[in-house]
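S.K.: Got a structure for you, written out below as structure tokens; questions coming shortly.
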Amino acid sequence: MSRRSLRHAVAATASMAILAAGVTVGLGTSVAQATPACALNQSVTDSWPGSFGTPYTVSKEIVGDGTAAPGHTVTYLTKVSGSGALVNQIRDFHPAGFQLVKARVNVKWVLGGQQWEDVTGTAVVGNNAVIAKGTGWTTAGGGVIALETTYKVPDNAVVGSKLDSGAGTNIVLAAGDWNINPMGVCVTIRQPNPVEAGTGSLEGIGVGGQVFGSLTDPQGSISNVVGGILGNVLGNMS
């Protein structure tokens, strides 16, 4: 599983449809390598000899509606889960030119359960990647390792463009180093909305930097909180 890219059968229309919907796709040995269609979230599950046949999952999603304006921010949530092994790296691969604003991890601690820790100052940043490292975070007992990264979009980002991204991890098993880049998790660049044009950022109204969906669900989605986003916006405009 060393430095693997996302693979799927390009000839299978049904598989492409599943990828575009952002659901889990198991990696087989008789598949071709290709870039998946853009979606707001993607999830890949695999097992290999080094994992003793047990599955591990890497997933990534965009927090919000999947769009961002030049000069403003976008947040991604990357998660790793599996069958009990330790994870000592979780990686986010971002589009070129994006500047890290904040990074934090949510892992299962021996005391306190799943909790956030800010890693903005300790993450390894470079080569269009942000890497959080640890001595070993567990996936046992349903433990999920999550990395939330918030970036400033370049001022010269082209409106209408779709910018892909990726994810990766190092699972402390034989051949457990796994990159999926690109992954098909794309942000669409749009014009600033009226709120952004008036305030300069969504951060000031309590939208930017929030994480939605279930951290303990490896395929957790943020689609069920759109009403909450609108409530924040409307409440701060009244």
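S.K.: Which three semi-axes in whole Å describe the equivalent ellipsoid of the stretch 58-158, each the square root of 5 times a Cα gyration tensor eigenvalue, listed largest first?
M.R.: Details: eigenvalues 142, 34, 25 Å².
Its equivalent ellipsoid spans semi-axes of 27, 13, 11 Å.
S.K.: Which whole-number percent is the relative contact order of the stretch 50-166 (Cα, under 8 Å, 6+ apart)? List each step's numbers first, then the result.
M.R.: Details: 259 pairs, mean separation 42.6, N = 117.
After rounding, I find 36 percent.
Each value in this text was obtained by applying a stated rule to the coordinates, not by laboratory testing. Given the structure is predicted, the values throughout are model-derived calculations rather than measurements.
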